Ligand SMILES: [Zn+2]
């Protein structure tokens, strides 16, 4: 039988990796579980087949190394994650790692002026512990010691889980996971959204990973009898909340790249014949630029107060989360775009609304991301799907990118033009 094409081999390996799961019949691979260990050993074997030396760092990140021309050669990091959400698809995270292995195998013949380190992170989805991106933060030298005390739903701490996995949590304190001499980080990832598919474009250059803010809103009116209180005298917390939610939607709609979601709503007393007295809901607000997000946030705050005033209800707004946007390095964007153009494909720049390991690496070195179109924009779901021809295109573009990268262009003191 002839050897399968590189892209076909990647698709086949993704299928094999999908079999590393905690739950039969679905893909569920949480951080530091036996399924994660199984995935590490499978991926480790493929890395070694590609001629890479391998090790597992203290944060549970599998590292595959292709040496550079000298001991102290600069290092290109290529990463993504091999953990999944519960009942996941097979491409989110894994596509980036499996493709990187094939790329590293190709790179052996390219005599590049740098080393390549593939970093297969194990904790991107943050499903098991109430902390996330711990592996990527460790690679960046930013592991926070307090994370070791985080507990999963069985009350096992991260420190214990790492130790049970054969790792030494103490090494995290000594920062031994940090990547040295990294001049840039690249990540290949499925888009997880419908933009590329709608535009009929296989690949996209990521401009930024959106920053996010979350709020909890409490609207307090007055509960009352649904039959006896005239409409003019009501303080209906739910009706006011409904007007607020539509205002939030309209504010986001009016601003390109801003997305706002009200995903949870509770009503009290929650009875058919009682006017709602209080209503609580959440807001998740994201934008690729922090200024844009702050602007939307101000507009939302003003609109909510206006509704509260008009509807005679009290309003309390509490911020529960904030993460700054991360801009993808303009030089890496240019190199990726040029490689796409050289492949004869249309160039599309787009922000990422979802978080990625790249966010945590951005404090270490410039980061760049290549998105691969996925069917229906579906992710975190077994129906996740990617075309082999798009994987072929991603391989082609990334091979070109590896050849275009010049580490000295990224030296400190040589900022983006
Ligand atoms: Zn992912």
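No value in this document is a laboratory result; all are computed from the given coordinates. Since the structure is predicted, the reported quantities are computational estimates derived from the model, not experimental observations. Don't worry about glycine lacking a Cβ; one is built from the backbone with ideal geometry, like all the others, and counts go over all protein chains shown.
In table form, for the structure just shown:
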| read-out | value |
| --- | --- |
| Net length gained if the chain between residue 149 and residue 254 were fully extended (0.36 nm per residue, minus Cα distance) | 33.5 nm |
| Region 74-183: C-alpha gyration tensor shape, a/c 1.5 cut-off, then a/b vs b/c | oblate |
| Using alpha-carbon coordinates, inclination of helix 290-311 to the longest axis of the chain, degrees | 20 degrees |
| DSSP bridge pairs, region 47-189: antiparallel proportion in percent, nearest 5 | 50 percent |
| Top of 211, 96, 126 by mean-square fluctuation, Gaussian network on the chain, Cα under 10 Å | 126 |
| Highest average packing first - 53-63, 174-184, Cβ atoms within 10 Å | 53-63, 174-184 |
| Residue-averaged [θ]222 nm for the chain, counting only DSSP H segments that reach four residues, each worth -39500 (n - 2.57) | -10500 deg cm²/dmol |
| Cα gyration tensor shape for region 279-417, rounded if a/c is under 1.5, else prolate or oblate | prolate |
| With Cα atoms, 0 to 90° folded angle of helix 34-49 axis to the chain main axis | 30 degrees |
| Packing-based ranking, highest mean first, of 68-79, 315-326 given that Cβ atoms within 10 Å are counted | 68-79, 315-326 |
| Kirkwood-Stokes translational diffusion coefficient of the chain, alpha-carbon pairs, 37 °C, 0.692 mPa s, µm²/s | 142 µm²/s |
| Percent RCO, i.e. relative contact order, over the chain, from Cα pairs under 8 Å lying at least 6 residues apart | 21 percent |
| Cα gyration tensor shape for region 135-243, rounded if a/c is under 1.5, else prolate or oblate | oblate |
| Relative contact order of region 165-301, pairs being alpha-carbon contacts under 8 Å that are 6 or more residues apart, as % | 29 percent |
| Share, in percent, of DSSP beta bridges within the chain that are antiparallel, nearest 5 | 70 percent |
| Relative packing of 354-361, 35-42, 132-139, which averages over residues the other C-beta atoms within 10 Å, highest first | 132-139, 354-361, 35-42 |
| Centre separation in Å (Cα based) which lies between region 247-321 and region 51-99 | 40 Å |
| Principal-axis tilt of helix 94-107 within the chain, Cα atoms, nearest 10 degrees | 20 degrees |
| For region 17-39 versus region 183-204, the gap between their alpha-carbon centres in whole angstrom | 25 Å |
| Modelled FRET efficiency - R0 51 Å, residue 53 with residue 320, Cβ distances, 0.05 increments | 0.75 |
